[in-house]
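Working notes, structure below.
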């Protein structure tokens, strides 16, 4: 069980609370606590690049060791004597810019696989003008976390007692198997939601027989400790969630529900759509396609899937989602999933006088469940731009589109 100070979490404590740690055997280094006098790689002259790289590697290994065990606290700015806290010495943070300092330390962890572990930073200002920095490393289902140097020699560590220890093959295998189960959980979740909407068509009308479903699923969606009350966040006017879904609902009626928040069109002349933000931070956008599929008696008697129009809805929704959720999410990976139901045989490209496709695209199945595309870091602009291109390639490919200038340019941009 994670330790507390004066009945507070380590992430809530102040300088006065830290004094409890000094020379207190109850707070010796253990499987949950590791004291560091400083970030050692910041103390090395810049010209000694090899030494800096080695110390950064140790920092990554320390983080992985906690993430591969039960989680715990790395406490920087407190020295120790044989594992017992001895002095609150603090560390200097240039210009007191803790946001930049945190971002730099997160960047130092790039290279950990399969992603940077989930971290919380807590900066405690000291009377001296320095800070104690506490990093809480959380264990989750993505373990084992590995820091691989050059894809050659590496070891996997876990926190055992007051030190790091190498992990056995059996421990690694069990963790890998647990991590792989996340893909299955996401797939099963999508199938359940598709089944839910499909059943509505049998109970009500054919507005549910053809539909588009978009999910944004954080990797922590099955971990209750990451849940947040979205209704409270919305009610306190911290975030205008309704703006995210405007492309689907064209103005929204917002109401709480058992899972979080529900968003519906605010007038009747909009086709059937509904969107959700769940407390586990899963986003769901449903849109009936029965009134959106284009019909033409001569050319498309069975309808035409306007792929460009639907992509516009998806991409704008993602952009608006990112602007708001950048302030809510930390290190979670996001799985963006597109599903198109009931549209088998619909053409997705047209043959006409201006643009002739020798092999026009069409949807080849009634349950088109596109592969998830992963966004590792919602805060990185460059990564987000590349992710959008990858998602659009997956979308167009799933629709059977082959000869398309936009697709060709996307492939060139991403794959060269």
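In this structure, residue 397 and residue 191 have a Cβ-Cβ separation that, at R0 = 30 Å, corresponds to a calculated FRET efficiency of about 0.90.
Radius of gyration (Cα atoms) of the chain, expressed as a multiple of 2.2 N^0.38 Å: 1.17. Measuring between their Cα centroids, segment 219-291 and segment 43-58 lie 47 Å from each other.
A straight chain from residue 49 to residue 328 at 0.36 nm per residue would run longer than the Cα-Cα distance by 96.9 nm. Estimated from the Cβ-Cβ distance and a Förster radius of 51 angstrom, the FRET efficiency linking residue 266 and residue 163 is about 0.30.
Listing 13, 343, 257 from the residue with the fewest other Cβ atoms within 10 Å to the one with the most, what is the order?
In order of increasing Cβ crowding within 10 Å: 257, 13, 343.
Set the Förster distance to 35 Å, then compute FRET efficiency between residue 176 and residue 2 from the Cβ-Cβ distance, nearest 0.05. Once rounded, the FRET efficiency stands at 0.85.
Please compute the length gained on full extension between residue 364 and residue 379, using 0.36 nm multiplied by the number of residues separating them and subtracting their Cα-Cα distance. All intermediate terms of the calculation are to be shown ahead of the outcome.
Details: separation 15, 0.36 × 15 = 5.40 nm, distance 3.58 nm.
Length gained, residue 364 through residue 379: 1.8 nm.
Going highest first, how would you order 159-165, 41-47, 14-20 by mean Cβ packing within 10 Å? Show your work: numbers first, answer last.
Working: 159-165: 16.1, 41-47: 11.9, 14-20: 14.4.
Those peptides, ordered most packed to least, come out 159-165, 14-20, 41-47.
Tilt of helix 49-67 relative to the longest C-alpha principal axis of the chain, in degrees (0 to 90, nearest 10)? In the chain, helix 49-67 runs at an angle near 70 degrees to the longest axis.
Taken together, the values in this text are just the output of simple stated rules run on the coordinates, not laboratory data. Please read these numbers as outputs of a predicted model, since none were measured by experiment. No Cβ is skipped: glycine too gets one built from the backbone with ideal geometry, and neighbour counts run over all protein chains shown.
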